[in-house]
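Worksheet: one structure, shown below.
The values are calculated or read from the model by the stated rules, or taken from the named source; none is laboratory data. Just so we're clear, the structure is a prediction, and the values are computed from it rather than from any experiment. Virtual Cβ from ideal backbone geometry, glycine too; neighbours counted across all protein chains shown. Accessible surface is based on the protein model in full, side chains and every heavy atom, while ligands, DNA and RNA are left aside. Shrake-Rupley method; radii C 1.70, N 1.55, O 1.52, S 1.80 Å.
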Amino acid sequence: MPSVAQKKTSFEELSAYFPLTFPTPSPTTHPDLISTQDLHREEDLLRNPDSFRAWWSAINGMRENYTALQKTEANMSKFPENVLTVLGPLTTPLARQTLQRLTYTYEAALIQFPNSFKLWKSYLNMRMSFVLGKPVVKKKAGGKKKFPEMKDALEEAAEDLQEWESSLDPIVGWEEWKALIATFERSLMWLPKLPRLWLMYISIFYHPRCPSILSYTHARRTFDRALRTLPPSLHARIWTQYLLWAEKKGGEVTVVVYRRYLTVDPSLTERFTGLLLSPANSAPRPLEAAKLLLSLARKAARGEYISPEGKSPYQLLEDWINVVENFSEEVGLDVDDTDDSNKAVAEAEVAEIEASKTDSSTPSAASTSGPLIRMAGPAIPVTADGKPTAPYSEDEDPASPRKLNIEHIIRKDGLAVYKDQAGRLWTGLATYWIRRAELDRARDIFEQGMKNVLTSRDFTQIFDNYAEFLEAILDNIIKSQEVGEIDEEDTEDVDAEMDRRMKELDDLTDRRPFLYNDVMIRRNPNDVQEWEKRVALWGENDEEVIKTYTKALETINPRKATSNLHRLYIHFAKFYEEGGASGEAEPDLNSARKILEKATKVNFKLVEDLAEIWCEWSEMELRHENYDEAIRVMQRATAIPKNVKINYHDHSLSAQARLFKSLKLWSFYVDLEESYGTIQTTKAAYDKILELRIANAQIIVNYAAFLEDNEYFEDSFKVYERGVELFTFPVSFEIWNIYLSKFVKRYGGTKLERARDLFEQALEKCPPKSCKPLFLMYAQLEEDFGLAKRSMSIYERATQAVADEDKFEMFSIYIAKATANFGLPATRPIYERALEVLPDRQTAEMCLRFAALERKLGEIDRARAIYAHASQFCDPRVNPHFWSEWNTFEIETGSEDTFREMLRIKRSVQAQFNTEASYLSAQTIGARSGAKNTEESGASQDAMAAADKQARNGPAFVAAKKSVAVPEEGAESAPAPAPQAKNDEEIQISDDEDI
């Protein structure tokens, strides 16, 4: 390896090549600048110095010639690695000579065209390629936004920063670097308003080998000159590069440049705070970053700032909290200073309130035009559109070295505004004090947080952090004891501290249910269920239970309370009645009565809640065998006022005013009177219920049953009469049903006419769907105590009056009764009337019964006609049972002609039903019936197939009326028809047969 001396000598040899372009090369100073081959070109340029095309062609020719020679030379010679690293693009003599020739030509052209942007740009790119190296071309898909936001512009510019390959060493080639800068300065002297030249100039300062004398002070001054020279509409392009350059340099440069830009456009404040706290920053500025973030959070809360990152005001405040947690010593005040600041803030608030009271009491001066004129006082800052802004705050001034009062800021800007994020704010404040090693202060903050949050999420967040904090303290103490960092003299103090922390952790765990219950009650003080849980948490601690009940009843607003507020009073009274939670104390009925007495005066939302209070009071007296007192309590509760026209559902009235119409209360009262009162007092109670018109059907039935049990039968029937007058069907149906059954059971046939009148009265307004039981009861009465003829007439009326779904059953009962009373022939007109009235599905079933009747009576033709009539309602695929019955009937009683007629009717009916809708319906019904009808359908199909087969071969029975026609002797028999598989039921008939 070469020694240091050899390296120095080699650098000196390489430095001998420079300078190349200063002063500007000419044929006088460099004889080999123009060769004999270039004379023709030079003569042409001398003859036409004003022709831009001639100059441009000459320059392009020289550059193309250099490119071609460069490829040839690269293949012919190789240079040492250190030479390539130092000289870069100027390693070869060809490159150095070409640089001089191009410089000479460009300079000569610029003398003729000093204002040509095209010429200057080409010249500067050429000089940059020989000094900075070959630029790297980046491939990028898509286009750029025309007017991007500064945030997006910075990101795009950071991706598009120019990169180079093998540049000239800034020490050896310092003269060339300086000459390049001078060339840019000359170009900007001629074309100062072109931003492209400024951007090309600025790009030099991003070069990784740019000399420090150029990349710092000179670069900053160049950026400043660009901003002063270019119009404001082009400043964004310069600021993009300026900010990126400042970020790259870091330190004080970044702070100064960004402060300048933020005075114009504060949208990059968040980016600036990130730079201030960046790990790459050797001197972070957390106080300045915290003040900037606090200012952004307050402006965003006022609607004066919109985050480019899309952050909400709370998210900006959370970023500020993160800074406070990570840099607590640098950002916030200590405990003593915080207390002093809090005291000063409190005094200022009090003074402001007193001043506002004084100002409001002082009359304001009037003005002639209407609005008041402000004549004195400090200046009010305003925005560009004239709107007042927030006053100056040192907490938002990044230039101020004063630290922040973290407690006051979190309470004012956090807890007072973002109540739904209280958990994060309290834990952030506690973490701040933990980072400052103020453990007692952090514990107090945790306690305050748990006593102020309103949601279970916030409470859980604070509690978990609090428990983790105490566990961390214990872990640190244990680890310090294990390592042996504690002296023997301090062992007792450490043990005492450890015991205290352990006790705090255990106490916190024990208090968790109470603390959580406090949160729920604070969230909704009118939540009755949470107060009940609070009572349950105290267990058998009677003193605390009494305090909890008392506080709950004082706190809850009855009109806003959740359900079952009355249960709270009842449980409180039972607490005294049962002798406390443990039951060991003496029962205190007087205290229980006072509580229930107080409950009766509470304006509950529901009347039923107040009624239950009275009922529970009476039940309490019953449990202690104070029967008279229980009745007196209910008498007080059911006292009827003078105005009985009060609407029970009028919620504008108090519950006490509507209590006398509570059916629940009256029901309990009458039950009490039935058990411990007299018959007269019970009747009086029931009569009051009927007078108030609040009785339901159950009350009517109970009243009548009570009178019946006490053998007041006629009075009970009068109660039924009143009940059917009060209610309409279907409610009155139940009353009629009980009334009529009781009356018939009581009198039987002794008061038949009265019973008939009652039945007729009941059936007069009874709807069809409810009258069937009444008709059956009425007909049974006539059968038992009246005339059979009247019973049949009742059944006939019933078949006309009942609902359609009950008519089939009614006709069946009617036919059975007629058969029993008058014999089978008397049922024929009933069957005929049923066939006219019943729907098709039930008509088929009734026809089967009718046909069976006629067959019993020997009327075969009538039965066959009935089958034929019913066939029009029976699809063979849906009702195979009907056709099976008819088939059996014909086999047993018919002839060949009647059997054929049956088959013809079956095919006709099947064709009639053979539509798409009916076919699908048949398939569906058949699939549902499935295995249920498999045996029956299989048997009928087998029977039909056997009958069909017998019909083809000959009759299976002796003809009853007609004989089969026999062909004459000697006549030729007709050929047998070809078998047709499409219709298995078709009967093969000869052409000579008479159909």
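The table below gives the values:
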quantity: Qualifying position, being small (G, A, S), at negative phi and surrounded by fewer than 16 Cβ atoms within 10 Å (Cβ to Cβ), among A68, A95, A108, A54; calculated: A68
quantity: Selected residue [among the charged types (D, E, K, R) and in contact with a helix residue (DSSP H, G or I) (Cβ under 6 Å, 6 or more places away or on another chain)] from R523, R511, R534, R500; calculated: R534
quantity: Residue satisfying all of: in the stretch 462-472; within 16 Å of Y432 (Cα to Cα) and touching a helix residue (DSSP H, G or I) at 6+ places or on another chain (Cβ under 9 Å); surrounded by the most Cβ atoms within 10 Å (Cβ to Cβ) among these; calculated: I462
quantity: Qualifying residues in the stretch 550-579 (those that are open to solvent by less than 50 Å² (accessible area, probe 1.4 Å) and more than 25 Å from P525 (Cα to Cα)) - the one modelled with the highest pLDDT; calculated: E577
quantity: Index of the failed condition, K145 passing every other in (1) at pLDDT below 85; (2) surrounded by 16 or more Cβ atoms within 10 Å (Cβ to Cβ); (3) of a type in the set (D, E, K, R); calculated: (2)
quantity: Scan of the stretch 428-438 for residues that are open to solvent by 10 Å² or more (accessible area, probe 1.4 Å) and part of a helix (DSSP H, G or I), ordered by number; calculated: T431, I434, R435
quantity: Selected residue (only one of L758, L740, L763 is over 54 Å from the mean Cα position of the chain (by Cα), assigned to a helix (DSSP H, G or I) and without any contact (Cβ under 8 Å) to a residue 24 or more places away in the chain); calculated: L758
quantity: Flag if P378 is open to solvent by 80 Å² or more (accessible area, probe 1.4 Å), more than 30 Å from V519 (Cα to Cα) and modelled with pLDDT of 55 or more; calculated: no
quantity: Tally of residues being open to solvent by less than 60 Å² (accessible area, probe 1.4 Å) and either over 25 Å from K745 (Cβ atoms) or more than 60 Å from the chain's Cα centre (by Cα) (or both) across the stretch 784-805; calculated: 9
quantity: In the stretch 167-211, the residues that are outside any helix (DSSP H, G or I), open to solvent by 30 Å² or more (accessible area, probe 1.4 Å) and of a type in the set (D, E, K, R); calculated: K193, R209
quantity: Those residues of the stretch 251-268 which are outside any loop (DSSP other than H, G, I, E, B), touching a helix residue (DSSP H, G or I) at 6+ places or on another chain (Cβ under 7 Å) and closer than 19 Å to L296 by Cα, in sequence order; calculated: Y258, Y261, L262, S267, L268
quantity: Residue satisfying condition, being closer than 14 Å to I640 by Cβ, in a helix (DSSP H, G or I) and within 51 Å of the chain's Cα centre (by Cα), within set L665, L690; calculated: L665
quantity: Helices (runs of 4 or more DSSP H) completely within the stretch 819-888 that count 3 or more residues being open to solvent by less than 10 Å² (accessible area, probe 1.4 Å); calculated: 840-856, 860-871
quantity: Which numbered condition V724 misses (of (1) under 20 Å from K772 (Cα atoms); (2) open to solvent by 40 Å² or more (accessible area, probe 1.4 Å)); calculated: (2)
quantity: Residue list for the stretch 332-353, restricted to those being surrounded by 15 or more Cβ atoms within 10 Å (Cβ to Cβ) and closer than 18 Å to W426 by Cβ; calculated: G332, T338, N342
quantity: Among (1) free of Cβ contacts under 8 Å to residues at least 60 places away in the same chain; (2) surrounded by fewer than 18 Cβ atoms within 10 Å (Cβ to Cβ); (3) hydrophobic (A, V, I, L, M, F, W, C) - the single one L84 does not satisfy; calculated: (1)
